[in-house]
Amino acid sequence: MQTDVLIVGGGPAGLSAALVFGRARKRVLLCDAGTPRNAAAVGIHNFITRDGVSPRDFRAAAHADLGAYPSVETRAVGVVDVVRAGDRLSVTLEDGTTVSARRVLLATGVVDVPPDVPGLAEAWGTSAFQCPYCHGWEVRDRAWGVLASTDAVASWSLVLRGWTANLVLYTDGASLSADTSAKLDAAGVPVETTKIARLHSEAGHVHHVELADGRTRPCDALFLHPAQRPTALVVRMGLELSEAGLVRVDDQKQSSMPGVHVAGDAAAHPQGAVMAASAGVFAAAMMNHALTLDDVAGRLR
Ligand SMILES: Cc1cc2nc3c(=O)[nH]c(=O)nc-3n(C[C@H](O)[C@H](O)[C@H](O)COP(=O)(O)OP(=O)(O)OC[C@H]3O[C@@H](n4cnc5c(N)ncnc54)[C@H](O)[C@@H]3O)c2cc1C
């Protein structure tokens, strides 16, 4: 099979890009493995006109929009490899199919690597979150914990005071610098340096933190900054990464492999659904310019 563009990933970035290509009359195949980063979240917030929509409904609405454009095809299938083949790209799908594309857009997101805290996985997305802008409003003024084992994350956590005055910082056994501790003290944020034994929750809703010395602290929501790693496909393709572990892209969102562009969380900080959607639109427009100018040059030659 041949296509103008193959998009890997059907999250906000890939879906928004597919809309641009459909409206620009390019043939596009979007392949999605169906493992969105926000799968555990009840709703997506901070996306105007969509505030609070479930990740599943968001994707369903996007697929309905794409249905209006005959040059857009979507498939629920993973992509296992992308290699250059002359002036095109050869894409291998999980089902063994090979697709030849003029350009590829990777919108594969990132993989969160949460710390090894017992009970955290059960609460992830329901009452343990990565972003106060996304989920702070719903638990405003409640008892919050923030998990911060480095000075950088501990300093970031001061921003959480905007949502609640009832904030406790847990270092899970790590020590903070005297400077950071003084800032937290001045902001009225108590610091617990004892290791966390378990996060206790019911149906995903945290109610207290148990410390290794047996003490407990009430907690309705826990915020943290999980480490991230690139997706398996990005690693396999050997794309150049930034110090932060994100795919390095140029001002056209093109990666170190010519013809392969990257949009969304895979290449960006800060991260969020509307920012990923915006990056997908931008990357698609840049790719469409290049493709159309190639076509025009070919016809005029
Ligand atoms: C718990 C949680 C809650 C969040 N809540 C919010 C919120 O309320 N508001 C907000 O703005 N942001 C929120 N975010 C962040 C937001 O989800 C991301 O910024 C956004 O989803 C990034 O979009 P993306 O398109 O780059 O990647 P993703 O949404 O992660 O989509 C990537 C897609 O690529 C697919 N994929 C990966 N590899 C392959 C492959 N090899 N082949 C085929 N498909 C592949 C995956 O299956 C996935 O469907 C939340 C994140 C988390 C973890």
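The values are calculated or read from the model by the stated rules, or taken from the named source; none is laboratory data. These numbers were taken from a predicted model, which means no experiment stands behind them. Positions of Cβ are backbone-derived with ideal geometry, glycine not excepted, and every protein chain shown enters the neighbour counts. SASA here: full protein model, heavy atoms, side chains in, ligands and nucleic acids out. Shrake-Rupley method; radii C 1.70, N 1.55, O 1.52, S 1.80 Å.
Give, as residue ranges, the strands (runs of 3 or more DSSP E) completely inside segment 156-230 that count at least 1 residues that are touching a helix residue (DSSP H, G or I) at 6+ places or on another chain (Cβ under 9 Å). Step through it out loud before you land on a result.
Values: elements: 167-170, 196-202, 205-211, 216-218, 221-224, 227-230.
Qualifying strands (runs of 3 or more DSSP E): 167-170, 196-202, 205-211, 221-224, 227-230.
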Considering each residue of segment 7-34, count those that are among the small types (Gly, Ala, Ser), within 6 Å of the ligand (Cβ to nearest atom) and more than 15 Å from the chain's Cα centre (by Cα), and give that number. 0
Which listed residue, of ARG75, ARG37, is at pLDDT 95 or above, of a type in the set (D, E, K, R), within 14 Å of the ligand (Cβ to nearest atom) and surrounded by 14 or more Cβ atoms within 10 Å (Cβ to Cβ): ARG75
With respect to the numbered conditions (1) at pLDDT 95 or above; (2) closer than 21 Å to THR92 by Cβ; (3) open to solvent by 10 Å² or more (accessible area, probe 1.4 Å); (4) among the polar types (S, T, N, Q), which one is the sole condition not fulfilled by THR3? (3)
Among VAL153, VAL146, VAL191, which is the only one that is under 30 Å from ALA13 (Cβ atoms) and at pLDDT 95 or above? VAL146
Any residue at all in segment 96-103 that is out of contact with any helix residue (DSSP H, G or I) (no Cβ under 6 Å at 6 or more places or on another chain) and within 24 Å of ALA39 (Cβ to Cβ)? no
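Just name the residue that is farthest from the ligand (Cβ to nearest atom) out of those in segment 121-143 that are open to solvent by less than 30 Å² (accessible area, probe 1.4 Å) and over 19 Å from the mean Cα position of the chain (by Cα).
ALA143
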Could you look through segment 47-69, keep only residues that are surrounded by 16 or more Cβ atoms within 10 Å (Cβ to Cβ) and within 18 Å of the chain's Cα centre (by Cα), and pick out the one that is nearest to TYR133 (Cα to Cα)? PHE47
